[in-house]
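Below is one structure, written out as structure tokens, with a few remarks after it.
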Amino acid sequence: MVGLAELARAGTALDERSIDHLHRLVGSWAPLADLSFGDLLLYAPCVAGFDPAAMAGAPDLAADEAVSAGGDFVVLAHARANTGPTVHEVDPVGTIVHGSALAWLRAAMDTGEAGEAEVAEAGPLSVVGDDTVVEEADSLPRRDHRRVVDYVPVRCDDAPVAVLSREAAPAPIRHENPLETVYRGLYSRFARMIAEGAFPYERMERVGEFREPRVGDGVLLLDREGRISYASPNARSALHRLGVTRPVPGSRLGDLGLDDTVIRRSFWRRRSTVAEFTAGSMIVVVLRAYPMVAEDRITGAVAMLRDVSELRHHDRLLLSKDATIREIHHRVKNNLQTVSSLLQLQARRLGSAEAKAAVESSVRRVSSIAMVHEHLALDTASELDFDEIVGPLVRLVEDGLAPVERPLKIQVEGAVGEIDGETAMPLAVVLVELVQNAFQHAAPPAGAGELVEVRLARTASTLTMRIADDGPGVGEGFSLDRDAGLGLTIVRTFVVHDLGGSITIKAASAETPRGTVIEVTVPRRSVPSPVG
């Protein structure tokens, strides 16, 4: 789907500031659609020769509609209300506007004045409601569809840059209830702000997508003194949950026992502000305030309230779960370090050099696992940056194996980035085993220091670890199954059986007369993203 910015840059003459203004309008117009009980559409004049069908994701257009001859308009954005039926069953974004609609669109751009119009379009009969559309074009005759349009110019820097329209089916003759009257009046005030360039605001305080109040959650209408002149039923319910029992109309938030700083802040800063109110440890209500401006003066505010107690309860549960997971990893790391210390004590008491080397190898294996748990304890995410622990793992081998008379140089290149914890754990042990194996079995020329190269790489589906040394290399006929020692046996078990990967051992060749290259390849595991 083509976004507003891409569509505007390709099909209009709007500059970047105007596009940013329209972006902010579309990003904050969902409440306006609900207050209007109709569809909101954003139109902009398009350049001659613009072909939206040529853009990826643009709707299919008829051949005679695809290319603008100049002076036409293109639909940049569309929003449906949650409070009423839609008149646009098919997404109109990217559509070139022709016909009678051009008259009021051009009038809005030329005069900078708002107005009303009625549009009649031929089309199949559609029954729309509850987000379902039933097309009956084949069984019923075509008839004219009429929709009533209220339009306003969208002003940016003292000039109209687009047209916003509220489009709905003609209303049946009936009496509106007070809620509808207030909501439609609020939409009209926002529309005047759009025409004057006072909306959208330059900035809005953020609360988080899944806690954002909507019109259906509850609406308060306040005058310029901060007194509540209207409270919707859902708003009264939210206030009641906060412990408010006195009459709401005519009161300020402070009179109701609530901090009214959020309203005063919206007046001072002339932007939308957010606050959270709590009652006890379980009830949380989010309030978003929108200052209302007319002729550059604050005339009041509209506040939307949402009870997010259940969401906050889930947040607390997740935080508690995250803390528990971190504590488990921390305790496992501490236990492994204790085991490592006990093994080191045991190694000091051993007289056999071979037994001492075996225990010290076990210390490094245990320490590598502890290192992974230490990083997992810092972050509860299911993935960790493996490159961050490669350095400490390499130093673990250097400190344990490299004597002064035989310096060990380990050179690390490449990266694998973030991998899941189930892969990182055995891969850390594999890295330690292969590096210490390269040092122990590759004897450099006399007086030379040992060089071990570690190269890491990743593709879309695999992780690769390549360990190379400058020793004499493996002998002819070397078999991993027959000739592998304990270290390579551990590596093969982790790589082949646990990770489903492969091991390749390359001996010296004409291109590399000395050394051994061991390459480990394992598949990348996909970690599902958390919902929300």
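Observations, loosely collected:
- In this structure, the amide hydrogen of Tyr230, modeled 1.01 Å from its nitrogen in the peptide plane, lies closer than 5 angstrom to those of Leu221, counting only residues at least 5 positions away or on a different chain.
- For the pair Ser237 and Glu295, a Förster radius of 25 Å applied to the C-beta separation gives a FRET efficiency near 0.10, rounded to the nearest 0.05.
- Debye-sum result for segment 191-260 in log10 I(q)/I(0), which assumes one identical scatterer on each alpha carbon, at q = 0.12, 0.15, 0.17 Å⁻¹: -0.42, -0.64, -0.80
- Contour excess over end-to-end distance, with Cα ends at Asp399 and Ala457 and 0.36 nm allotted per residue: 18.3 nm
- For Cys156, residues with placed amide H under 5 Å, excluding near neighbours: Val161
- Local electrostatic count, Ser188, Cβ distance below 12 Å [Lys/Arg +1, Asp/Glu -1]: +2
- Note on Ala279 and Arg224: their simple-model spin labels are 3.3 nm apart, each label 7 Å out from Cα toward Cβ.
- Segment 186-269, accessible surface, carbon-and-sulfur percent (1.4 angstrom probe): 45 percent
- Inter-label distance, Arg252 to Ala353: 8.7 nm, where each label sits 7 Å from its Cα along the C-beta direction.
The values are calculated or read from the model by the stated rules, or taken from the named source; none is laboratory data. Note that the structure is a prediction, hence the values are computed from the model and not measured. Cβ atoms come from the backbone with ideal geometry, glycine included; neighbour counts cover every protein chain shown. Keep in mind that these areas ignore ligands, DNA and RNA; they rest on the heavy atoms of the full protein, side chains included. Shrake-Rupley method; radii C 1.70, N 1.55, O 1.52, S 1.80 Å.
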